[in-house]
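Heads up, the thing below is written out as C-alpha cells.
The values are calculated or read from the model by the stated rules, or taken from the named source; none is laboratory data. Given the structure is predicted, the values throughout are model-derived calculations rather than measurements. Ideal geometry is used to build each Cβ from the backbone, glycine not excepted, and the neighbour counts take in all protein chains shown. Note: areas computed on protein heavy atoms with side chains; ligands, DNA, RNA excluded. Shrake-Rupley method; radii C 1.70, N 1.55, O 1.52, S 1.80 Å.
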Amino acid sequence: ISHLQFQTMLPLFAQIAAIVPQMDQQSLCILLPVRLCSVIRAWVAEIPQEAVMPVLQLLQSFLRGDGSPKAVRLAALSPLRAMLDRFSDSDAWAQVQGSLIDSCLAVLSIVKTPEVQWRCLNLIHLFLVEEAESGRYEVTEHTLEQLLLLWRAPEESELLVRHALLDVLRALVLMSCRSRTPRLPLSPPLLSCCLAVISDCYAQHRGPSVPASGPEAMAALQADAGAAAGVLGDQGSATATLFDSGSMLFLGVLRTVELEQAAP
C-alpha cells in the first residue's frame, strides 16, 4: 500500500473506531475492528511518519476500557507492539505513552492466559523504560495490588508471568533513580509491593526445609544431583533465575529508597 493510499484510508479507520464503544460483546460487528487491527499490523512497514500519531490514537481508542469489547482490546496489542518496534524513535510516543500504560494495565486485569498476560506486561515494561527517560509515570496503589495478586497467583508457564512482573517493577523503581531530574520519590505502596515480591523470590529459592510434596519432594529423594535436576527440570532453572531477578530488583530498591523509609 502506498503512503497516499494509507492516509486516504485513515478517515475510514477513524469512523470504525468511533462505533466500537457501541458494539455488543457478542456482536458480529466486532470482527470489523479486530480485522482492522490485523490490517494495521500487516501494513506497519509502509505507514508514513506523519501517520504515526493518528494510528497510535486509533489503537489507544481500541484499548480503552470504556466500552471497547474485550476482543478488540486484545486485538490491538499486536499492532501496538509492531508500531513500537517500527517507530520506537518517534516523538509521538511521548504524548500517548502514559495512557497506553494505563490501558495495558487495564487489559491485564481481564485476561487469564499466561501468554496474553506476558504480552501485556512486556508492552508495559517497554513503555515504562521509555517513560523513565523523559517522563514521570506514577503507578497507583490499586494497580500495585493488582500486580501483587497476579504475582501470587498459581502459574503453570515456567514462571513466564513472574519474570515479566519483575521487569515491570524494576522499570517502576527506575523512575526513582537519583540521577533523574526532577526525581520521582519511591512511593510507600511501590516499596511495599517490591519488598513482598523480593521476599517471595528469596523464599522460593531457599525452599522449605522439608519438602512436602510435588517435584521438590521427589528431587529431595533422589540419590544424586543429576537425577534431582532431572526431576526439577526447567522449574529448577526458572526458580534460580527468579532469585537473580529478585536480587536485581532488591538492588534497585536499595539505590532509590530514602533513609527514613528504611528505618524501622
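Here is how the numbers come out for the structure above:
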| quantity | calculated |
| --- | --- |
| Which of M53, M9, M83 is most accessible, then next, and so on - probe 1.4 Å | M9, M53, M83 |
| Local electrostatic count at R183 - Lys and Arg +1, Asp and Glu -1, tallied over other residues with Cβ under 11 Å | +2 |
| Accessible-area composition of the range 1-127, carbon plus sulfur, in percent [1.4 Å probe] | 55 |
| Accessible solvent surface per residue of the range 68-119, calculated while the other protein chains remain in place, 1.4 angstrom probe, Å² | 41 |
| Kirkwood-Stokes translational diffusion coefficient of the range 1-153, alpha-carbon pairs, 10 °C, 1.306 mPa s, µm²/s | 99 |
